Amino acid sequence: MTDYAAESNGGSVVLTTASDDNYPGENIVDGNESTFWMTTGLYPHEFIISLAERQQISKVKLWSSHVRKLTVEKCESSSCDRFEKVFEVELQDKPNRLQTESHQCDFKAKFVKFIIGSGWDHFCSINKVSLT
């Protein structure tokens with residue numbers, strides 16, 4: 001299955017609410033689980049992934065650490081102006097290892113927004129997102 005979020009397939013991170021030169025948002029879509037984007041404390045945090053073109057998404061998979069409450073939203077238009085909730089979930093903390101969340105879905109999107117509503121720690125990381 002094609003990972004539409006992957007940088008190699010035209011996916012890109014177009015917005016993050018935290019910025020650190022050592023842990024940039026681009027790490028989310030580079031295909032490497034050992035690189036990551038890190039929040040800077042104080043929730044909520046968001047990031048938006050732009051797909052090369054509007055795609056049908058059947059699975060959202062996330063590799064992260066210390067994320068507690070996560071909301072995923074979609075936008076079908078190319079103007080990135082109106083998002084609708086796809087799902088919301090509370091993740092279990094996994095000290096000293098990555099959280100791996102996978103959700104079966106059925107939606108079309110050009111942009112996918114991830115909202116980290118709360119965390120299990122002051123900071124959390126997003127290591128990789130896959131949209132298939």
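The values are calculated or read from the model by the stated rules, or taken from the named source; none is laboratory data. Just so we're clear, the structure is a prediction, and the values are computed from it rather than from any experiment. Using ideal geometry, Cβ is built from the backbone for each residue, glycine included, and neighbour counts are taken over all protein chains shown. Remember, those area values only see protein heavy atoms, side chains included, never the ligands or the DNA or RNA. Shrake-Rupley method; radii C 1.70, N 1.55, O 1.52, S 1.80 Å.
Observations
- Within the option set Ser65, Ser8, Ser12, Ser19, being closer than 17 Å to Lys128 by Cα, among the small types (Gly, Ala, Ser), buried (at least 20 other Cβ atoms within 10 Å of the Cβ) and out of contact with any Gly (no Cβ under 6 Å at 6 or more places or on another chain) holds for one residue only, Ser65.
- Applying the set (1) open to solvent by less than 20 Å² (accessible area, probe 1.4 Å); (2) assigned to a loop (DSSP other than H, G, I, E, B); (3) of a type outside the set (Ser, Thr, Tyr) to Val129 leaves exactly one unmet item: (2).
- Residues in region 34-45 that are part of a loop (DSSP other than H, G, I, E, B) and under 13 Å from the mean Cα position of the chain (by Cα) were compared, and the one that is modelled with the highest pLDDT is Phe36.
- Among the residues of this structure, Thr40 counts as one that is under 18 Å from His122 (Cα atoms) and surrounded by fewer than 19 Cβ atoms within 10 Å (Cβ to Cβ).
- Cβ-Cβ contacts under 9 Å between residues 6 or more apart (or on different chains), taken from a first residue in region 32-52 that is over 14 Å from Ser19 (Cβ atoms) to a second residue that is of a type in the set (A, V, I, L, M) and assigned to a loop (DSSP other than H, G, I, E, B), are listed as Glu33/Leu98; Ile49/Ala5; Leu51/Ala5.
- Qualifying residues in region 105-122 (those that are assigned to a loop (DSSP other than H, G, I, E, B) and either charged (D, E, K, R) or at pLDDT below 95 (or both)) - the one least open to solvent (accessible area, probe 1.4 Å): Asp121
- Test: Ser102 is part of a strand (DSSP E or B), on the phi < 0 side of the Ramachandran plot and under 11 Å from the mean Cα position of the chain (by Cα): no
- Among residues of region 68-99, those that are part of a strand (DSSP E or B) and either surrounded by 13 or more Cβ atoms within 10 Å (Cβ to Cβ) or of a type in the set (Gly, Ala, Ser) (or both), counted: 12
- Any hit, region 62-69, residues being modelled with pLDDT of 95 or more, among the β-branched types (Val, Ile, Thr), more than 24 Å from Asn9 (Cα to Cα) and touching a Cys at 6+ places or on another chain (Cβ under 8 Å): yes
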